[in-house]
Structures are given as C-alpha cells and as structure tokens.
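What follows is a set of notes on a single structure, which appears directly below.
Here, each number is a calculation from the coordinates, and none is a lab measurement. What you are looking at is a predicted structure, and each value in this text was computed from that prediction instead of being measured. Positions of Cβ are generated from backbone atoms using ideal geometry, with glycine treated the same way; all protein chains shown enter the neighbour counts.
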Amino acid sequence: MNRVPGIGIAAVLLLGAAACASVSNSELDAEVKRLCATDGGIKVYEKVEYPREKFDRFGTIDIPPKNYAKANDLYYYELETQYYRRGNPELRRDRFLINRAADHKLLGEAVSYARRGGDLPSPMHESSFRCPSDGGVSALKKQVFWTP
C-alpha cells in the first residue's frame, strides 16, 4: 500500500485547518483600512522653514530618532508602536512624531496601521499591508519642513 498520497492529503488537511483556525489576511487588511480611516494620516501642527543646503540631493533631511539625538540637533523624531495582534500575522499602529529639541514641541505626527505576515510557510518574504502607504517619518518630514 502506498502511504505517500495519504500523507500528502493529511498535510493539506492540516494546513487547511490551521488556515481556518486563524484570522485571514483579508480580514486583517480590512481592519487596517477601518482603523486607518479613523485616525491614519499626517497632521502638521507647525511648518518649519529649513535651509535649502540642509536638504540632501533627494530633497530629504536627516532628523535623528530621539534616542540618537545629539545636543546640537534641532529636531528629533519618536516612534510609538501599539500592537493589536502579535505573532504571525501581526497587526499594529505606528505613530511617528517630529519634535523641536529646544522646547520639545510637537510639530507633526504620522499615524499608520499595518498587517504583516499571515502567509503559509514559504522561503519568500512575508506579505504586508499598510494604510496609508505613505504614513512614515519620511512623508512626515516632507510636510513639516520646507525651504523658501
């Protein structure tokens, strides 16, 4: 009697049961969209004029994270991450904040939601979904800082 087809069928059933037992990526992606609609996006509280020579050739500026900011850095950013679901798949809220170092005033914030993982085991990278897609610190810097 050939056991290989039986083992293959058992493996498929086991993977199918595991996939049904957890929340699907499409359900989590829908939750990401719902949460994003409530408070996702960029809010600018103060625009800052920044010297043209401080921008690199790609039009961005280097603002360090708070824990790496030096005494002479004028601005820093922070990242707050809140996990709604840990593991595989993961659902989280990321909030980037840009502050002025002199008075710690909040100049702007970017909020995004993301799902990562939830795929069948494979050698490929995990899938992910983020909303809004441009909700990181780079997009926030482009809106807070400007040059005359």
- Message: As I understand it, the dipole of region 23-146 uses +1 on the Cβ of Lys and Arg and -1 on the Cβ of Asp and Glu, about the Cα centre. Which of Y75, A114, G136 lies farthest toward its positive end?
- Response: Y75
- With r as the distance between the Cβ atoms of R57 and A30 and R0 = 35 Å, compute the FRET efficiency 1/(1 + (r/R0)^6) and round to 0.05. 0.30
- Query: For labels at R86 and D103 in the simple 7 Å Cα→Cβ model, what's the distance in nm?
  - Reply: 3.9 nm
- Task: Would you count, across region 13-148, every pair of lysines whose alpha carbons are under 20 angstrom apart, provided the pair is eight or more residues apart or spans two chains?
- Result: 20
- Which entry in (1) 12.2; (2) 8.6; (3) 28.2 matches mean projected area of the Cα convex hull in nm² derived from the coordinates of this structure? (1)
- Query: How do R115, R92 rank when sorted from fewest to most other Cβ atoms within 10 Å of their own Cβ?
  - Reply: R92, R115
- Membrane-span-like helices in the chain: DSSP H runs reaching 18 Å or more (Cα, own axis), mean Kyte hydropathy at least 1.0? 4-21
